[in-house]
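Coordinate-derived values only; no laboratory data. Computed from a predicted model, the values in this text were never measured in an experiment. Using ideal geometry, Cβ is built from the backbone for each residue, glycine included, and neighbour counts are taken over all protein chains shown.
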Amino acid sequence: MTQSTNPLHLSGREQSTEAAATKSPSKSVSNPARDRKVTVPAIIRELYSAPTLYPGDDPALFERLLEELAHALAPADLIQWLLVADLRAVILDERRYRKILDMIMSPKETNGATVYNFQNYSSEVEKLDYLIERCRKTKTGILSRLDAMKTVSSSLHRATEIEDVELTEAAE
Amino acid sequence: MTSSEKQAANRRNAKRSTGPRTARGKARSKRNALKHGLSVSALDAFAAPEVRDLAARFAAEGFVAEALPLAEASHDLRRIREIRDALVSAVVAPRSPEGRRTSITNLGRLERYERRARSRLLASLRAIFLAYY
């Protein structure tokens, strides 16, 4: 296993982002709070284009969420970027389902009387609850997959580094 | 009651109704029974060129062996997101309360396809990861 033949090339976020920036046209997003740049691979931008905005949606949230997740999870290769982008999609889905649920549950004033919508949508409320629960499980699944990949790859890198040092010492 | 002349005319007309003749008509009618196409492989469906392009992009990134299943799953997930966008729009601004109910039910149905597509995506990513480590 050598670094040069491995397309995953896990050697830190800085390196992967630099490589992505030189290989394909990608968009840089600056985070004023942290003053660090995250370069999202172009293929991720194409696969995960911005969703439709609904009343009350924050148009910057889509980009900001990926930026925050990238800072927190530090995806080091395309596999991890795919997982992080998928995680963002699931987080946004959960938010949407919660909004719909909120919309259905919120009472409305009609002719001086308070009407509760959820009485008409009891089965739909159950379905939305289920969808929210699925989103939560999916998020946990993606995070644990990401965590496992990071653990294995960092252990292997450490082993490779030790092996390199030993080989260098033996050669000397 | 239909006269015998009328019945004969109907039979003659029916014999001429042999489906679309032009290539455009045939291309259109072959998708008559297609509802959403999420239960079939994207490679067998109308999206094959798009999936192959995406696979070529993944292959260029170095994921040669798993490029096609990865592209297929990614493409399916993208389509599911597009369909969900449309369904959520129908829930947020429904034409009728019944329309809202139907859209929420369809969101639930879509989740099954999404789960399968995501499972395939994760399996492809795992295979790539194992292949290179």
Say we join alpha carbon atoms closer than 10 Å with springs in a Gaussian network model of chain B; which of B:56, B:14, B:27 then has the biggest fluctuation? B:14
Distance from segment B:92-109 to segment A:38-65 (C-alpha centre basis), Å: 25
Alpha carbon centre of segment A:95-172 versus segment B:12-29: separation in Å? 49
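Which of B:15, A:150 comes first, and how do the rest follow, when ranked by fewest Cβ neighbours within 10 Å?
By the 10 Å Cβ count, ascending: B:15, A:150.
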Taking a straight Cα-to-Cα line shorter than 16 Å from residue B:15, and setting aside same-chain aspartates and glutamates fewer than 8 residues away, one finds B:5
Return B:111, A:124 ranked ascending by Cβ neighbour count within 10 Å, so the fewest neighbours appear first. B:111, A:124
Relative contact order for chain B: what is it in percent, counting Cα pairs under 8 Å that are at least 6 residues apart? 21
Tensor-based shape of segment B:37-132 (alpha-carbon gyration tensor, a/c under 1.5 rounded, otherwise prolate or oblate): prolate
